[in-house]
Structure formats: structure tokens, C-alpha cells
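Shown next, in C-alpha cells, is the structure this report addresses.
The values are calculated or read from the model by the stated rules, or taken from the named source; none is laboratory data. Model, not experiment: these values are computed from the prediction. Cβ placement follows ideal geometry from the backbone for every residue including glycine, while neighbour counts extend to all protein chains displayed. Areas reflect the complete protein model, heavy atoms only, side chains present, ligands, DNA and RNA absent. Shrake-Rupley method; radii C 1.70, N 1.55, O 1.52, S 1.80 Å.
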Amino acid sequence: KAAVRAVRNAIEFNSIPGAIFAIPGGRTNMLINLKLGIPEEAPGVDLDEVAKVFPYGRLLPIDVVTGGLSFGSGRVVPELGDEDDTAIVVVAAVSIGYHDPADSSQGPQAFSTRDGH
């Protein structure tokens, strides 16, 4: 749950929806790079559920590294399946790029807003 929430929060307030108009080929050619920082003591992450957060674009293999945060929250809610008061925070870094198959001189490109788009 924490990984899905982290990814939703990462893309909710950014320009990914508007960027599809500046990427050659739009949604079809958009590449999504995702890196998750997850505490070692966190339970397993369902990467298929995380991938469902992205409604378009091609998600590259998800990079999972040790990171994030776990701490005692002081609250246990048995109705939510809590066994102890451990809170898990996952950090998500999302970046987009593109691959224009019409341009065989280049491989995948990073999306840049420096050109005014």
C-alpha cells in the first residue's frame, strides 16, 4: 500500500499529463522510469499493483532500492490489520522520457522542459 500511495503522490501534482503533448508520439512513445526506496523491514511490494497506477506510457522495469523510512507511530488499528505500531514510508522517484521510432539515430531520450515546452 505504501508503494502505491508513494507513486500516486509522486505523479498527482506534476506535469506528466501535460508532457504527453510535447513528447514525440505522445502516450505511445512515453517511457516511465520508476525508482522506489523501501525500508528493509517492509513487507513485500506488489509491483504489479504499483504498475497499475500509470494509465498510459510504457513503464520500464521498476528499480527497488533500500530506502524510505519506518518508525513507531504510537497507534495500532487491528481493524486495518496492524500487528504493531510500525509505519512504513516509501519514497518514489518518477521520471519520463521517450523513444521516437521514426528517429533511428537516437535511443530513448530524457524529457526536458528547458526548450520551453
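Accessible surface of R8, taken over heavy atoms with a 1.4 Å probe and every protein chain present, rounds to 140 Å².
Taking F13, F54, F71 and ordering them by how much accessible surface each has at a 1.4 Å probe, largest first, produces F13, F71, F54. A simple count of charges around L69, restricted to other residues whose Cβ falls under 12 Å of its Cβ and scoring Lys, Arg +1 and Asp, Glu -1, yields -2. Remark: accessible surface ordering of K52, K35 (largest first) is K52, K35, probe radius 1.4 Å.
Return the distance in nm (one decimal) between the two label points of a simple spin-label model at Y56 and V76, each offset 7 Å from Cα along Cα→Cβ. It works out to 4.7 nm between the two label points.
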